[in-house]
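Right, one structure below, let's go through it.
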Amino acid sequence: MKYVSTRGQIEPIEFQDAVLMGLADDGGLIIPESIPDVTGRLEAWKSLDYSELAFEILRLFVGDIPETDLKSLIEKTYADAFDPAPAVTVRVGPVYVLELWHGPTLAFKDIALQLLGNLFEYILARRGGRLNILGATSGDTGSAAIAGCRGRDGIDIFIMHPAGRVSEIQQRQMTTVLDENVHNIAVAGNFDDCQRIMKTLAADLDFKGKYSLGAVNSVNWARVLAQIVYYFKVVFEVQAQTGAQRVQVEVPTGNFGDILAGWYARQMGLPISQLILATNENDILARFFSSGEYSLGKLSQTLSPSMDIQVASNFERYLYYKVGCDAGRLRALMDEFARTGSLHVEVADDGKIDSAVVAGVGTQDDVLATIGKYHREYDYLLDPHTAVGVSVAEAMGVSDEPLVALSTAHPAKFPDAIKKATGKDLAHHPAIDTLANLPTRCAELPNDIEAVREFIIKTIG
Ligand SMILES: *Cc1c(COP(=O)(O)O)cnc(C)c1O
């Protein structure tokens, strides 16, 4: 499998180069040249465990790592860091909750970032050289990226977060990691500012080349790829439990990375009837899927901070397929968006943007009501991101098909929301409770590209 850019202006590259490149050198996102159809293999895959399934899926997309190496990379990733498993399906009232937070930082991002850390280390060990990872986080990406890269040979990792706009716990999960190769930066701005700084520096090819800049944000193709696996896992499990042919999957969405993996899984032939896209009040994606209009709104701070995003960095991948893989058309749309803050796609005859995707908004009130209800009725604690999704799915009403709800974080990461919803201090986890007493390290920088550039140059000497 070769990789190309959504903007059509790089030569096709192999998987390892795609992993190191992060954002494509032409400013686009890296995508596989084709999407494999696995319809004929689904039956055989149903009996596989998580690592075996991950291997079968990844080998279709990875042409330049020997299969024995790929297999041991995957096994190492998913055996060590997850307890009891990367993806756990539990029936809770009307839904099948897919718990994706059994990794080191208690959010679903560990599933991709533990793999990415291992991939980086593997590639650098063979090619030599160093890699300087630059990432921006609205909360959970940063800690998961740091957990994936801490202490690894050949890697320095710089993570920007918006100062004062991630939760106390999210901040401590990052800044209490004192490994020498970990550099936290609190930027005086919001998440979109951090993301803009990252994108600008990554688009400066001289700087990117000279300082070997790599990306851990969900622009990195390996992250999307790793996330495809659990869609297969959960659909197989729910099919086995219910006998259903098709399953609907609801996904709480911010940067469009997680749901994009589900979209790829469906394109590959996995019988997902529809993907339910759920946003919080930052509803640019929900508005797009009902109107075709993708236009910047005002950023609101909500109880689900990891979804407080306006510009969804993975959306460009989806849009590329939406415009018939026409890179010229895609470039024109992205230019328009950069100029005006808005772009528009035609609505189909059936009034839909995509027959595979329905979208809705879960407000803060919905979130609190849903956490309260699931606690009272099913004795199960939803974190506020998961609750955005569950509230949207519930509002869409009943269907005959089983419903999977992706659970993206452990509730202990967001104790204030749980307290607000239930009136009680219920959300605990030992990995979180011990953070309060640990020392921290973090640089504070202004909302300024040059300040971040200087900091990186100075730090790596
Ligand atoms: C990152 C994150 C999301 C959003 O995922 P995207 O891939 O950005 O759409 C949802 N919930 C939690 C807890 C997250 O950390």
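How large is the Kirkwood hydrodynamic radius of segment 156-287, in angstrom, based on all distinct alpha carbon pairs?
17.5 Å
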What percent do you get for the relative contact order of segment 249-345 when only Cα pairs under 8 Å and 6+ apart count?
29 percent
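Report Rg(Cα)/(2.2 N^0.38 Å) for segment 81-157, keeping two decimals. Could the numbers behind the result be given before it?
Details: Rg = 14.8 Å, N = 77, 2.2 N^0.38 = 11.5 Å.
The value comes to 1.29.
Can you tell me what share of the DSSP beta bridges in segment 14-160 is antiparallel? A percent to the nearest 5 is fine. Please report the intermediate quantities before stating the final value.
On the way: 6 of 12 bridges.
Close to 50 percent.
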Over the alpha-carbon set of the chain, work out the extent along each principal axis and list the three values in angstrom, largest first.
58, 49, 48
Roughly how many whole Å is it from the C-alpha centroid of segment 141-216 to that of segment 376-397?
31 Å
Pull up all non-local amide H partners of residue 181: gap of 5 or more, or a different chain, and H-to-H distance under 5 Å with H placed in the peptide plane.
151
Output wanted: per-residue J couplings in Hz (rounded whole) for segment 443-455, from phi through Karplus 6.51 cos²θ - 1.76 cosθ + 1.60, θ = phi - 60°, x for Gly and Pro.
8, 10, 10, x, 6, 8, 4, 5, 5, 5, 4, 4, 4
Of all DSSP beta bridges with both partners in the chain, the antiparallel percent, nearest 5, is 30 percent
Check the straight Cα-Cα distances from residue 2 and name the lysines below 28 Å, setting aside those fewer than 8 residues away within the same chain.
46, 71, 76, 109, 199, 208, 210, 233, 322
Report the trypsin sites (Lys or Arg not before Pro) located in segment 107-145 that are in a DSSP loop and have at most 15 other Cβ atoms inside 10 Å of their Cβ, or state none.
130
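Ratio to report: Rg/Rh of segment 276-410, with Cα atoms as the point set and Rh obtained by the Kirkwood method; give two decimals.
On the way: Rg = 16.3 Å, Rh = 16.1 Å.
Rg/Rh for segment 276-410 comes to 1.01.
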What share of the DSSP beta bridges in segment 224-361 is antiparallel, in percent to the nearest 5?
25 percent
Could you compute the FRET efficiency for residue 287 and residue 180, with r as their C-beta to C-beta distance and R0 at 41 Å, rounded to 0.05?
0.40
Rg ratio (alpha-carbon, reference 2.2 N^0.38 Å) - segment 52-191:
1.14
Based on alpha-carbon centroids, what's the gap between segment 257-275 and segment 37-74 in Å, whole number please?
17 Å
Given Cα pairs under 8 Å that are at least 6 residues apart, what percent is the relative contact order of the chain?
18 percent
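Return the loop-located GluC sites (Glu not before Pro) in segment 276-348 (DSSP other than H, G, I, E, B) with at most 14 other Cβ atoms within 10 Å of their own Cβ; answer none if there are none. Please report the intermediate quantities before stating the final value.
Values: sites: 281, 293, 316, 336, 346; in loops: 281, 346.
Sparse-neighbourhood loop GluC sites (Glu not before Pro): 346.
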Evaluated over segment 38-92, the Cα radius of gyration and Dmax, each in Å
12.7, 42
Just want to confirm a number: the relative contact order over segment 395-461, from Cα pairs under 8 angstrom separated by 6+ residues, in percent.
17 percent
Ratio of Rg to Rh over segment 176-238 (Cα coordinates, Kirkwood Rh, two decimals):
1.12
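Each value in this text was obtained by applying a stated rule to the coordinates, not by laboratory testing. Keep in mind the model is a prediction, meaning the values are calculated, not measured. Neighbour counts run over all protein chains shown; Cβ positions are idealised from the backbone, glycine included.
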